1. Only one of these conditions is not met by E211: (1) under 24 Å from L91 (Cβ atoms); (2) surrounded by fewer than 19 Cβ atoms within 10 Å (Cβ to Cβ). Which number is it?
2. Of L92, L127, L103, L96, which residue is in contact (Cβ under 8 Å) with a residue 24 or more places away in the chain and more than 21 Å from A213 (Cα to Cα)?
3. For A108, are the conditions met, namely being touching a residue at least 60 places away in the same chain (Cβ under 8 Å) and among the hydrophobic types (A, V, I, L, M, F, W, C)?
4. Give region 176-206 a look and list any residue that's in contact (Cβ under 8 Å) with a residue 60 or more places away in the chain and either exposed (fewer than 15 other Cβ atoms within 10 Å of the Cβ) or part of a helix (DSSP H, G or I) (or both), or say none.
5. Scan G68, G45, G28 and give me the residue that is touching a His at 6+ places or on another chain (Cβ under 9 Å) and either of a type in the set (S, T, N, Q) or in contact (Cβ under 8 Å) with a residue 12 or more places away in the chain (or both).
6. Please state which of the following conditions A138 fails to meet, knowing it meets all the rest: (1) free of Cβ contacts under 8 Å to residues at least 60 places away in the same chain; (2) farther than 21 Å from L26 by Cβ; (3) small (G, A, S).
Amino acid sequence: MSRPRPVQSGGNINEFVHIPCARLRLEGMLEVPEHATTVVLFAHGSGSGRLSPRNNFVARALRDAGLGTLLIGLLSREEDEMYENRFDIGLLADRLAAAVGWLTGHPAARRMQVGLFGASTGAAAALNVAAKLPADIAAVVSRGGRPDLAGRQNLAKVRAPTLLIVGGADTEVLALNEAAYRELRCRKDLAVVPGATHLFEEPGTLERVAELAAHWFVSEIND
């Protein structure tokens, strides 16, 4: 299958893509503003990551900050129907690594820095990939994620600056993030959004996530 032609407007790129991965082609949306020097790849622990309204909200904020974004689903529709696949970190990380390789070879992004934004179990996959591909990943942000599932050894190997964002009312996940934070040896921060539950549905909380993520990617990658 030939790659779809990108739609360009005033230097911007908006392209629906298919990323080869073993016997699958992962669907994604690549959007790169003019003059962007960084592309953030979104990792979500399900097949609907490309369509996630929360991920899309954060992605728009990142593009407003001058960053490119690539939203993909890491599982096929059939795989996503099996709930345990969403917790198969090895599988998710392999798919994400394939997407990183595809992105770094894309004409619009091959000279750009790559950041990873992980949500839910996608955060563990993102940290797994950052540990295994330290030269390819410039920064990582986790939203309400499960970084603990990356494993202590992988967490200790991460070199990319990493920001963990957790809701203050999401007490169980906050404790897991605090434990994972202690294992990280890279430049790191743990941002707690007061009053937010796991899905950041409270007024203003998702906006705060987007603000924190954009600032992290811009400041850490350009530092």
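A short reminder: the numbers here are calculations on the coordinates, not readings from a lab. In this text the structure is predicted, and so the values were computed from the model without any measurement. Virtual Cβ from ideal backbone geometry, glycine too; neighbours counted across all protein chains shown.
1. Checking E211 against (1) under 24 Å from L91 (Cβ atoms); (2) surrounded by fewer than 19 Cβ atoms within 10 Å (Cβ to Cβ), the one that fails is (1).
2. Values: L127 fails: more than 21 Å from A213 (Cα to Cα); L103 fails: more than 21 Å from A213 (Cα to Cα); L96 fails: more than 21 Å from A213 (Cα to Cα).
That would be L92, the only listed residue that is in contact (Cβ under 8 Å) with a residue 24 or more places away in the chain and more than 21 Å from A213 (Cα to Cα).
3. Yes: the conditions hold for A108.
4. Selection gives L206 alone.
5. Working: G68 fails: touching a His at 6+ places or on another chain (Cβ under 9 Å); G45 fails: touching a His at 6+ places or on another chain (Cβ under 9 Å).
Only one candidate passes the filter, namely G28.
6. (1)
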